[in-house]
Structures are given as structure tokens and as C-alpha cells.
Amino acid sequence: MASQFIHDNFLLENKFAEELYHNYSKNQPIIDYHNHLSPSLIAENHIFENLTDVWIKGDHYKWRAMRTLGINENFITGNASDKDKFLQWGKTVPYTLRNPLYHWTHLELARYFDIDELLNEKTAEKIYDEASAKINSAEYSTQNLLKKVNAELVCTTEDPTDNLEYHKKLASSDFHIKVSTAFRPDKVILIENESYNDYLNTLANVAETEINTYQDLQDVLTKRLQFFHHNGCRLSDHGLDQIYFENFTENEIAQIFKKRRSGQPVSKEEALKFQSAVLILLAESYHKLGWVQQFHLGALRNNNTRMHRILGPDTGWDSIGDFSQAEKLSKFLNRLDANDKLTKTIIYNLNPADNEVFATMIGNFNDGSVKGKVQFGSGWWFLDQKDGMTKQLNALSNMGLLSCFIGMLTDSRSFLSFPRHEYFRRLLCNILGDEMQRGEIPQDMDLVGKMVSDISYFNAKEYFNF
């Protein structure tokens, strides 16, 4: 039975929105084409110990909220018991009103555990015990969690050094949900990183060859791309502050690489030239392989050096950056397009001030060869919430074709994050239903319903062709 808060028509404000969601969107399968789930946990059909294990560990959205409330780090990433950590999260939840965490929390409790109570300090222990008993059972194994949400495909994200052992295992298993991977070579590009040479040594060991010259690096990248392709990979992904594009010569790049490989520092100008060269090399390779390339742009990472030193990256110290995006992105896409080497491309924006920049940029390179060839990706990270997704949808609608949009993804490490697809679908249907009621678009359910079905599922299925 649905709760009074998370009910059947949650976020749906009129009869048109309700019909669009329930008849055209709700039951569509999920193609989650970008996430950070662990393929080993899927392949091993892992069973989590308790609710904290599956729901709070690794979730820096929750960690940031708890820190803001003044919860001690011992109850967040420290040595407190899992139950005590959850009780502190329960204490925090009422204070997250108007933060998307409040909606996500109760959607996930309802969808996975049939728990309708509001989570707070008084209900936390009961909810922890009830949900933990369920999650620590075969019915709630990782594979069954994916089945529960009607997932058709999930695409994890792996470094070029990964041996794809678990993807191979899944491909030869009888698990009917397809698990693919995306190639994430940022560590190859970011030549200024302190650990750059150590990383290249690891990459060389995996490729069973030496990387002493820039030509060696190119050869190894080609080898790893072919390995990923052979194992079903059809996407790449990059998490960069902005696209790099500087003019360079092959000789310059060879010398810059040689300098860095010998242990010498490179200048900012040299780093930008090198990063531009490798990015172009990779993008041309993706085109040759027929992959989709993804660029997540705009994050300012690891702002708190003290806490980064203590806890490491991806622990909740990142924010939106105000990088200049348009000029370099334009030159990068134009260079590829001019040489007929621009593959299907998705660009994700983290700074809402740049929404219209991204929404208009894609139109420059949609050349009629493929429906929605260059996509303005869904709101991500800080923007995968009601306001952020609405602004992305409106910018795309105003300056492009929303009907060609490939829809939502979780971009999450959590096996309980899939109701974000439901959240997005409800929001989409409510926006369109509201405009139907106001007469801004026709009250033609077949017309608008097809658009909803396409954005919910069919556009992604056609676009990726896994």
C-alpha cells in the first residue's frame, strides 16, 4: 500500500500527467547507460549485510548532509557501528526537507522495502531492522535488486587497466540483464597528476609492454580499446573540468611526454597541449570503433585539501565549477566533425549557468546523419534533482528537440539508486501534463505519450544499439 507521501501520483499534479506516467512511462524497462556500480558485486550476486552497507557506505550525498547537521565523522566514514551510523542518518533525514535526498530516501524505502513510514530519529531503528532483514537475504542480492527495477541494461565504468574479469563472467552467465562497461581513460590524459608515471607503469604491465615514448602510449591505448571493444564495450566516458583544445604538433607532444616520463614537471601550457592531443586521439578512436563518447564537464574537485588528505577523493568535497566551456568545446567538436571523425556524443553540464551554452552547442553538430547524434545529457550530480532536471529539460526544449532526448541515468555507485529513473519520468510527465492542461501543447495523448515513451526508453535503446 502506498504511503500518503510517496503515493501513486507523487509529483503528478493533474490527470494528463497521471495518464502519461502510468500508461506511457512507468512500465518501460530501464536502460541505465552510465553508472559506477561494482561489476564484481553483480557477478558474484552479492548479498549486503545491512541497510547501511548498501545505502550509506560510499554515498557522499548523504555524508555531506550529515556533516552539515554537525554529525561527527565517526558516524559517517569512521569506526562507529553500521547501526549507529544509520541512526545518525535517520536523525538527519527530517533536516533534508527540500533537498532531493528527502524524496530519494522515501522513494527508495518504498520501492525496495515497501516501507511507507517517514524516516526520522524515532522510526530509524525499526526501519533499520526491517530493511536490514530484507537486504541480508537472497531475494535482495545485487542481481535481484536489478531485476526488481525492471533493468534491461546497466553500463558500469572502468579504467583502461581493468581486466574486465567480471564483465566476462556475466557475459557467459545466465543473468538476463546485460551488463556492459564504459572506457574511462582520464588518468591517461591528466599528465600533471603526481601519480601519472606510476599509473603508466601499471598500464604498461597490464598491456604487457613498455611505455617509454608517446608512440608507445598510442599503441597501448589502441590495444586496450580493442580489448574493451572485444568484451562488449560501446561507450567511453570522461570526467573533466572542461574540454581541452590547443594547437599542437606530434613532435611537441612526443617531447612533452618524454619530459614527463623522465620525471620532469611540465608547464601548464605543455599539459594543455598534451591533454588536447590525447583527447583528440581517443575521440577519433571512438569514432572508428563506432562507440558513443560521453563528457561530464564542470566539476571542481577535492576543494578541501585537509579532508582530501585524510579521506581521499570521492568523499564529498567537490562542487560546481565556473569553467569557461563554449570555445574549447566548439573547437574540439569542430575538429572532429571537419575530419568526419565525430562519433555520437553526450555532453553533461554541471553548472546550470551553462545550460543554454550546452543546449545550443549540440545543434551545431547534429548534421542529419543520426537522430540526436550530439546530446545534451541529463542533469547530473548536483543537478539530478527536480530543479536541475527541469532547467535541463527546458533549455533542451527551447533550443533543441526534447523528443530526441535519450533520458535519465543513475550515475551512481548505489544499487538502491534506480528510483531516480522513476523520479525523472514523473517529473517529465508532470511538465508535459501541466502544459497539456494549460493548452500550451495539444491534449493528444497518443502524440505526447509517444514522446514520453521515447524519452523514457526507446530513444536510448535506438541510440546505443548495445
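The residues of the range 378-391 that are part of a helix (DSSP H, G or I) and out of contact with any Leu (no Cβ under 7 Å at 6 or more places or on another chain), listed by number, are ASP387, GLY388, LYS391. Just one of the listed residues (SER180, SER236) is buried (at least 20 other Cβ atoms within 10 Å of the Cβ) and either under 26 Å from LEU272 (Cβ atoms) or β-branched (Val, Ile, Thr) (or both), and it is SER236. Of all the listed residues (ALA326, ALA277, ALA299, ALA271), the sole one being out of contact with any strand residue (DSSP E or B) (no Cβ under 6 Å at 6 or more places or on another chain) and surrounded by fewer than 17 Cβ atoms within 10 Å (Cβ to Cβ) is ALA326.
Within the range 188-198, the set of residues being in contact with a helix residue (DSSP H, G or I) (Cβ under 9 Å, 6 or more places away or on another chain) and over 19 Å from SER276 (Cβ atoms) comprises SER195, ASN197. Being among the aromatic types (Phe, Trp, Tyr) and farther than 21 Å from VAL179 by Cβ is the filter; apply it to the range 40-61 and report the residue that is surrounded by the most Cβ atoms within 10 Å (Cβ to Cβ). Restricting to residues being among the aromatic types (Phe, Trp, Tyr) and farther than 21 Å from VAL179 by Cβ, the top hit is TRP55. No other residue among GLN392, GLN375 is farther than 30 Å from ARG67 by Cα, crowded, with 19+ Cβ neighbours inside 10 Å and either touching a helix residue (DSSP H, G or I) at 6+ places or on another chain (Cβ under 6 Å) or not charged (D, E, K, R) (or both) apart from GLN375.
In the range 363-370 there is no residue that is in contact with a Leu (Cβ under 7 Å, 6 or more places away or on another chain) and surrounded by 19 or more Cβ atoms within 10 Å (Cβ to Cβ).
Grab the helices (runs of 4 or more DSSP H) fully contained in the range 169-269, keeping just those with 3 or more residues being of a type in the set (A, V, I, L, M, F, W, C). Helices (runs of 4 or more DSSP H) meeting the threshold: 196-207, 214-230, 250-261.
Pairing residues of the range 320-337 that are under 18 Å from GLU356 (Cα atoms) with residues that are of a type in the set (Gly, Ala, Ser) and assigned to a helix (DSSP H, G or I), at Cβ distances under 8 Å and at least 6 apart in sequence or on separate chains, gives ASP322/ALA353. Evaluate the range 441-454: report whether one residue or more is within 19 Å of the chain's Cα centre (by Cα), in a helix (DSSP H, G or I) and either under 23 Å from LEU235 (Cα atoms) or not β-branched (Val, Ile, Thr) (or both). No, the conditions are met nowhere in the range 441-454. Here PHE245 passes the criteria (1) over 20 Å from THR343 (Cβ atoms); (2) surrounded by 14 or more Cβ atoms within 10 Å (Cβ to Cβ) except the one numbered (1). For SER132, the test of being of a type in the set (Gly, Ala, Ser), farther than 30 Å from LEU164 by Cβ and crowded, with 21+ Cβ neighbours inside 10 Å is passed. In this structure, ASN35 does not satisfy being exposed (fewer than 14 other Cβ atoms within 10 Å of the Cβ), closer than 19 Å to TYR423 by Cβ and under 24 Å from the mean Cα position of the chain (by Cα). With respect to the conditions (1) charged (D, E, K, R); (2) in a loop (DSSP other than H, G, I, E, B); (3) assigned by TED's automatic domain parsing to the domain that holds HIS229; (4) in contact (Cβ under 8 Å) with a residue 24 or more places away in the chain, GLU121 falls short on a single one, namely (3).
Only one entry of GLN4, GLN88, GLN28 meets the criterion of being modelled with pLDDT under 95 and either touching a helix residue (DSSP H, G or I) at 6+ places or on another chain (Cβ under 7 Å) or farther than 22 Å from VAL179 by Cβ (or both), and that entry is GLN4.
The values are calculated or read from the model by the stated rules, or taken from the named source; none is laboratory data. Model, not experiment: these values are computed from the prediction. Positions of Cβ are generated from backbone atoms using ideal geometry, with glycine treated the same way; all protein chains shown enter the neighbour counts.
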